[in-house]
Amino acid sequence: MQKSFQVFGYNNLMGNIMDSHDKIRYMAYADGDLAINDGRASDFAWNNPPKVDDLKSYDKLKLHLAYILTIPGVPVIYYGDEIGMTGSSDPDNRRMMRFGDELNENEKQTFDDVSKLIHIRNERSALRYGDFLTLQADENVYAYIRSDMNERILTIINKNLNQQKLELILPDMYKVSRGKDLVKGQEYDVKNNKLSISVEGIKYLIMIIK
């Protein structure tokens, strides 16, 4: 991320992708069917196309999309990402799109959750034009704030399977006293520039702080 900022700046038009017609679909990785640069991908594409077996894979996909929809650059959503479509390498990454009653309940829920993320991106100018401040970055949690002249948006991503209890220190110059979850509407107190919060396993939180 820091190298990208040095080269392209915070406000750039570089595409952030998860899937494409040239890649194994992310869900095949998340579900454990294939590894990165897996030599079996071509054989799987023709003879053993992946299926989604672990429901947590849908949460992993939404976590990935929450990330690319809140960082600088242009989020690129390849068709089928919004429902959690899986697939190996070409041609299995070009499966026919499915809609409505063709979707299972997990795919429908994924579509609804991804739609909310897209609406948040569209409605919040800081997520499109804001700067970028890292609050915490470790093997489990990535927490960052994007700010513009209108607002400040805090994103917390927890990729661990377990809940993470966090104490995030916000810059004193922000003069923040409250935070509001943009997905669920829950409000949080910020005391002495400290936000104490818990984030469930493989979950994200996007909030406006004031």
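What follows draws every value from the coordinates through simple rules; no lab data is involved. Quick caveat, the model's predicted, so the values are computed rather than measured. No Cβ is skipped: glycine too gets one built from the backbone with ideal geometry, and neighbour counts run over all protein chains shown.
Once a ≥ b ≥ c are taken as the square roots of the eigenvalues of the Cα gyration tensor of region 1-61, is the result rounded (a/c under 1.5), prolate (a/b larger than b/c) or oblate (a/b not larger than b/c)?
prolate
If you average the C-alpha positions of region 135-210 and of region 47-107 separately, how far apart do those two centres end up, in angstrom?
26
To the nearest 10 degrees, how steeply does helix 56-68 sit against the main Cα axis of the chain, on a 0 to 90 scale?
60
Give the angle, between 0 and 90 degrees and rounded to the nearest 10, that separates the Cα long axis of helix 105-123 from the longest principal axis of the Cα atoms of the chain.
For helix 105-123, the angle is close to 40 degrees.
Which residues in region 172-204 place their backbone N less than 18 Å from a point set 7 Å from the Cα of residue 140 along the Cα-to-Cβ direction?
Correct set: 195-204.
Which of (i) -0.88, -1.21; (ii) -0.78, -1.13; (iii) -0.96, -1.22 is the computed log10 I(q)/I(0) by the Debye sum over Cα atoms at q = 0.14, 0.17 Å⁻¹ for the structure on display?
(i)
How about region 1-98: which chymotrypsin sites (Phe, Trp or Tyr not before Pro) there lie in a loop by DSSP and see at most 13 other Cβ atoms within 10 Å? Write down the numbers at each step before the final one.
Numbers: sites: 5, 8, 10, 26, 29, 44, 46, 58, 67, 78, 79; in loops: 10, 78, 79.
Passing both the DSSP loop test and the Cβ count: 79.
Using a basic spin-label model with each label point 7 Å from the Cα along Cα→Cβ, how many nm lie between residue 184 and residue 37?
About 3.9 nm, to one decimal.
Within the chain, what's the longest stretch lacking GluC sites (Glu not before Pro) that sit in DSSP loops with no more than 15 other Cβ atoms inside 10 Å?
For GluC sites (Glu not before Pro) (loop position, at most 15 other Cβ atoms within 10 Å), the longest site-free span of the chain is 1-138.
Length gain on complete extension for the stretch residue 173 to residue 160, per 0.36 nm per residue less the alpha carbon to alpha carbon distance?
Result for the pair: 1.6 nm of gain on full extension.
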